[in-house]
Amino acid sequence: MSGRVSNARVGRRAAAAMAWACAAGAAGCTGLEPAAISAGASAAQSGVTFFSRGKLRSFELVGFDDAVVAVRRAASRLSLQTVEDQVHAPGQRRDAGRGSGSSPGDYADSGRAGESTLNGRARIALRDERGASVVVVVERRTATVTFIQADVGLLGDTGLSSLLLMETYDELREMGAYIDGPRRVRRADAEE
């Protein structure tokens, strides 16, 4: 991948950043939470994004695995240090990854025999050079819908989380991960 950024990409980022700033600013002034910011952000991604109490939450039409890869690539592009990277793949056994001191009851049941409620969930903690951190949670909701949350805390800088999500959306687009046609949906269902 070259170090240069295309004009179209810069335009998408600028439009998305302006829309996000306007929506977040309006939410801060009125005290309305959560504020939906997807109306203007659709230039950057195709999901629905909400901002609430230091967290950007987004529902995207992408598969779980693609979303995790995109978050990692976005973090790398932004030169963020990975502090923690835990992924519980869909269909993982309840006892998979258990530490030596834990018991099978440490993981709650999902309702399906042998599966954990953590299935289809990733938690990636990142930090910049000044110590500011952002925790990204990626959760599979369906074969075609994935929830992505970037949390900087109540007093954290939301700019870091919004930039990380914009980069994630760009990565998802470049990967061709957005489910935009019936063939992609059928393929995702077949992978179940």
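For the stretch 66-74, indicate whether the set of residues that are assigned to a strand (DSSP E or B) and either over 19 Å from Tyr178 (Cα atoms) or modelled with pLDDT of 95 or more (or both) is non-empty. I'd like the intermediate steps shown before the answer.
Of the stretch 66-74, the ones assigned to a strand (DSSP E or B) are none.
Within the stretch 66-74, not a single residue is assigned to a strand (DSSP E or B) and either over 19 Å from Tyr178 (Cα atoms) or modelled with pLDDT of 95 or more (or both).
Taking Val135, is it at pLDDT 50 or above and within 15 Å of the chain's Cα centre (by Cα)? Talk me through it step by step, then tell me what you get.
Working: at pLDDT 50 or above: yes; within 15 Å of the chain's Cα centre (by Cα): yes.
Yes; evaluated as a whole, the condition is true for this residue.
Only one of Arg140, Arg112, Arg186 is at pLDDT 95 or above and basic (Lys, Arg); which? Break it down stepwise before answering.
Details: Arg112 fails: at pLDDT 95 or above; Arg186 fails: at pLDDT 95 or above.
Only one candidate qualifies: Arg140.
Need pairs with beta-carbon distance below 6 Å; first residue within 15 Å of Val62 (Cβ to Cβ) and within the stretch 144-173, second surrounded by fewer than 21 Cβ atoms within 10 Å (Cβ to Cβ) and of a type in the set (Gly, Ala, Ser); sequence gap 6+ or separate chains.
Cβ pairs passing all conditions: Thr144/Ala188.
The values are calculated or read from the model by the stated rules, or taken from the named source; none is laboratory data. Not measured: the values here are computed from a predicted model. Don't worry about glycine lacking a Cβ; one is built from the backbone with ideal geometry, like all the others, and counts go over all protein chains shown.
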